[in-house]
Each structure stands twice: as C-alpha cells, then as structure tokens.
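Read the figures in this text as sums done on the coordinates, not as results from a lab. Everything numeric here is computed off the predicted structure, so don't read it as measured data. Note that we place each Cβ from the backbone using ideal geometry, even for glycine, and neighbour counts take in every protein chain shown.
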Amino acid sequence: MKKKLILAAIAFTSLFACKQKAVEEIHTKQPIDKNATAETVRLYNTLFERLDKGIMLGHQDDLAYGHSWYKEAGRSDVKDVTGDYPAVFGWELGHLEIGAEFNLDSIYFSDMKRYAQDIHRMGSINTFSWHGDNMVTGNTAWDCAQDTVVKTILAGGINHDQYIKWLDRVADFFLDLKDDNGVLIPVVFRMYHEHTGDWFWWGSKQCTPEEYKQLWIMTVEYLRDKRNVHNLLYAYSPSETKDEVEYLERYPGDDYVDIVAYDSYVPGKTTEDIEKYKAGMDRNLQIVTNYANKSGKLPTIGETGMEGIPDSTYFTEIVYPVINKYKISWILFWRNAWEKPEHYYLPFEGHPASEDFKKFVSLENILMNKDIQ
C-alpha cells in the first residue's frame, strides 16, 4: 500500500511538473534561433512583457558622442537634458567588415564593445545596424550605381567567398560581446534596413525581392548555424511602405525574423512635410503592429527623427499623439553628430526643444533607463 502511495505521489508530481512546464512554454516567446542563449530568450520575453508598460526611448550612439562633444566618459546628450539615460542605445557596424578599427561615424569598435557592456550593466538594450560597404565597387553602402551586388555575394556568386569573410568579422564582434562574467550579451541586429528604398546596395532597385530574401536568409543561417552566434534577435526594418503587401514583399519569412519595425524621417521643415510624416508614421505603425499581432513578432520603430528639430513641440505634438495609439517596444531617434553641427535628432542643453523633450520623456508610458529597472 505504501509503495502504491509513493508511486502515485511520484506520478502526480511528474504530471504537475509536465503541466507546469507546458504552461511556462505557452507563455515563453522563442526567438528564431532555437539555440539562443538563455539571456537572449529572457530579453525577448522581457521586451514583450514590457509592451504593456510603455514605449522605450532609444538614441543612436548616445554614449559615444553628442552635439559638439566626443568620447567624454559617462556623458549623454539625453542625460544632460533629462537627467537619465535612454532605455535603448543604437550602434552602427559599418566598416567592421573591412577590418577597420573604427566605424563610419568614428567610433572605435573596441570602445563600442565597452559601451555595449556598460549599457547591458545598466539594464538598457543594445541594437546594431550595419551599413556595410559596396563590395563590388569598394565604395560606401550608398553607392547604388549598379544592380549586381546582392547577386554576386549570394551562394555561387563571384563575391560570395569574400562576403563570407565579412560575415565572419561581424560574427567575431558579436561573439566578443560579453558581460562581467564572460556571458554573451543579448543584442538586436537590424541588418539590411530601409530596403524598400533605393539608396543602399541592397535596396529595391538594386536587387529583386527574391534576391533580398536570399541575402537575409543566407546571413541568418551563416551567423546562427555556421558560426554559432546565439545572442542575436533579428529585426526587419524597411523604410515607409504604403500597405502590408509592400511591407512583406521582401520579407524573408517568420522563421527568419524576431522583430518587425520600420524607419521614417520628417522629409523637410515645412508644415506639409510634418503632416506627411505624421500620416506615414500612423500608416506604418498600423502595418507593423497588425503584422506583429498576427505573426507573434515584436513591433518597434527602427529609427526616426527630424534633423535639427526646428519645431520646438516635435516630441509632444507631432510624435507622441501618433505613437501613443500603438503598443510598440521602442522608438529610436537618430544620432547627434559631433562632427556635423546641424545633424542631430534629439535636443542638447540649451536647444529650444529641450523643454518639450523633457515633457515627452516624463510621460507615463515613455520609458527611460530608470523606468525599466
């Protein structure tokens, strides 16, 4: 009798454990990398859970430099104005592929790794874009004088082997992003972005939809399956599109994307430009969030902004009324260039839009670093 009771207890415990595990699995979002590190899976789930709390504020290159300064330890234009750091930090890998010591915006990659470690330590998120050079011409990513680059770097193409060496450098960088305990830091990789435009060698006029998909899939499979880079979440981020059909025309499939986003900028400084921007933001947020709901992906704004911020109410009167209608993980504003005085997208101390920006970040559903601890 006692033996039967023990066996029954074991069976009940096992059944409960299985049910508990099943419940946990139901509520766990799995990235496209089935071998993703535990930290990467945890980050992905945390981002989904945080959707109900609000929208994280992001800024490109925020710790590395700002308007009129470069490489001052701990400094941030966002912190100078608001007293807190962003919740998301964007970084750029362009020129890593050619073995350079610093990227296209003069950030040393050794410094970038250190910044990424600091950001991870403070609890914020790192996201990386990659404006890799045009392999065919040797010029920048913006060289679009031909339409053969993607075709030549795909499997069987004359530049495929050399491009794999470029991917190796990207892989090495991500595999060297480790925390104080030597554990890989989970990050977002927003590669081949704005591809519905025609200003990059991977753009809509430079390759067919099928070639773009092959490029994306080749890159994911090489990094994930060949080089065992398991600390990445992959973000798909075209420029503005008119509808879901156009948004998905070059989409590589749900098995190759974790995050769906889009990039959008105010095209000028007139009232008409601002209205066009607002309409485009609203339309693309509908597209992105609707598809995210259907596919189970995470929705974000890959990058956005208004150069020079000539409208002092840009954040509270133009951006917020649109984004407040949607559940998105973050909004990333572009960089405050230290080397170009007019090229900035968030206010610095003394800028006319500073007060409006402070009001924006103080809104309950706009999340800064302190809000995500």
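Structure remark: mean-square fluctuation, Gaussian network model of the chain, C-alpha springs under 10 Å; the largest value among Asp255, Asp172, Asp143 belongs to Asp255.
How would segment 267-325 be classified by its alpha-carbon gyration tensor: rounded, prolate or oblate, with rounded meaning a/c under 1.5 and the a/b versus b/c comparison settling the rest? Because a/c hits 1.5 or more and a/b exceeds b/c, segment 267-325 counts as prolate. Which of these, Ser354, Ser204, Ser68, has the largest mean-square fluctuation under a Gaussian network model of the chain (Cα springs below 10 Å)? Sorting by GNM fluctuation, first place goes to Ser68. Quick one: net charge of Gly99's neighbours, Cβ under 14 Å, K/R +1, D/E -1? That works out to -3. Let me know the shape class of segment 145-256, please: from the alpha-carbon gyration tensor, a ≥ b ≥ c as square roots of the eigenvalues, rounded when a/c is under 1.5, otherwise prolate if a/b is greater than b/c, or oblate. The shape class here is oblate.
Just checking the listed ones, Val187, Val361, Val245: in the Gaussian network model of the chain with Cα springs under 10 Å, the one fluctuating most is Val245.
Over 22 Å between Cα atoms, which of Lys242/Lys278; Lys278/Lys340; Lys165/Lys226; Lys205/Lys269; Lys165/Lys297; Lys276/Lys358 qualify? Cα-Cα > 22 Å for Lys278/Lys340; Lys205/Lys269; Lys165/Lys297; Lys276/Lys358; rest within. What the Kirkwood sum gives for segment 37-372 is a hydrodynamic radius of 20.1 Å, with every pair of different alpha carbons counted. Mean sequence separation of contacting Cα pairs (under 8 Å, at least six apart), scaled by the length of segment 81-145, corresponds to a relative contact order of 37 percent. Dividing the helix sum by the residues of the chain, where each DSSP H run of 4 or more adds -39500 (n - 2.57), gives a mean residue ellipticity at 222 nm of -11500 deg cm²/dmol. Under the criterion of Cα pairs below 8 Å and six or more residues apart, the relative contact order for segment 19-140 equals 19 percent.
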